[in-house]
Each structure stands twice: as C-alpha cells, then as structure tokens.
Amino acid sequence: MDMEKIKTIIKEFSTNRNWEEFHNPKNLSMALSVEASELVEIFQWLTLEQAQNLSSDKKEHAKQEIADIAIYLIRMCMKLDINLEEAIFEKMKLNEKKYPLVDEKGNKIEYGKKQ
C-alpha cells in the first residue's frame with residue numbers, strides 16, 4: 001500500500017472541494033463513527049453463516065464502507081500528524097504485553113477458547 005499516494009489523493013480531493021475547514025479532528029472522528037456504523041448495518045440481523053458468506057452486492061457495499069472508514073482514518077492521521085504505520089506497530093507491542101502467550105508461571109494462555 002502506497003500511503004503517500006493515498007494521502008495525496010485524499011488531500012487533493014478534499015482541497016479541490018474546499019472541505020479543509022470541515023476536516024478537523026472533531027468532524028473527522030464523527031464521520032469515521034458514522035461510516036463504521038454503516039458497515040455494522042450491513043451485518044445487522046445476519047446469522048454468523050450469512051455474515052461470512054455475503055452476496056456479491058453486500059460484499060461490494062462492505063468494501064465501499066471499509067474504504068470510507070480507511071479514508072477518514074487516514075485523513076484523521078494527516079490532521080493530527082500521526083504516522084499510522086508507527087501507531088499500529090506501537091499498539092501491537094502494547095497488545096502483546098496486555099495479552100501475553102504465557103502467564104507469569106510459564107503456562108500457555110488460551111484466548112478465545114470456550115470454557
């Protein structure tokens with residue numbers, strides 16, 4: 001993924017439409033939430049099997065919503081001067097500490113297993 005190319009396309013698109021004044025962290029976070037909700041709506045009321053086997057129309061709709069989410073997320077990073085790749089790496093390191101593979105006694109921890 002060429003993040004610099006994506007950021008350039010997003011910036012040009014927004015600038016050409018005079019949206020800069022509206023693309024502040026507050027508005028972008030709200031727009032991001034709305035787009036995430038639109039993705040959730042696709043799966044609302046589906047069974048697990050249906051959700052895993054979307055029709056081509058629903059899959060295309062999900063793809064478009066995922067793109068919208070990514071665009072707003074990248075735009076938010078641009079506005080807050082956050083390197084998304086670096087943020088992901090840092091967060092995964094924190095997650096490794098929060099969810100270790102073994103406990104303090106050296107016993108393997110089983111996540112997601114039904115008890």
If I filter the range 14-25 for residues that are at pLDDT 95 or above, in a helix (DSSP H, G or I) and surrounded by 13 or more Cβ atoms within 10 Å (Cβ to Cβ), do I get at least one hit?
yes
Test for K59: is it out of contact with any helix residue (DSSP H, G or I) (no Cβ under 6 Å at 6 or more places or on another chain), of a type in the set (K, R) and either under 21 Å from E85 (Cβ atoms) or in contact (Cβ under 8 Å) with a residue 40 or more places away in the chain (or both)
no
Residue selected from the range 62-73 under the condition buried (at least 16 other Cβ atoms within 10 Å of the Cβ) and in contact with a helix residue (DSSP H, G or I) (Cβ under 8 Å, 6 or more places away or on another chain), by the criterion nearest to T8 (Cα to Cα)
I71
Which condition from (1) surrounded by 11 or more Cβ atoms within 10 Å (Cβ to Cβ); (2) within 13 Å of the chain's Cα centre (by Cα) is the one that I88 breaks?
(1)
Return yes when E110 is within 21 Å of the chain's Cα centre (by Cα) and more than 24 Å from N27 (Cβ to Cβ) and no when it is not.
no
Just the residues that are of a type in the set (A, V, I, L, M, F, W, C), closer than 18 Å to M78 by Cβ and touching a residue at least 12 places away in the same chain (Cβ under 8 Å), please, taken from the range 19-53.
L28, A31, L32
Starting from the range 1-18, take each residue that is touching a residue at least 24 places away in the same chain (Cβ under 8 Å) and within 15 Å of Y72 (Cα to Cα) and list its partners that are part of a loop (DSSP other than H, G, I, E, B) and not small (G, A, S), counting only C-beta distances under 6 angstrom and pairs at least six apart or across chains.
S14/H23
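The values are calculated or read from the model by the stated rules, or taken from the named source; none is laboratory data. Model, not experiment: these values are computed from the prediction. Heads up, the Cβs are rebuilt from the backbone with ideal geometry, glycines too, and the neighbour counts pull from every protein chain shown.
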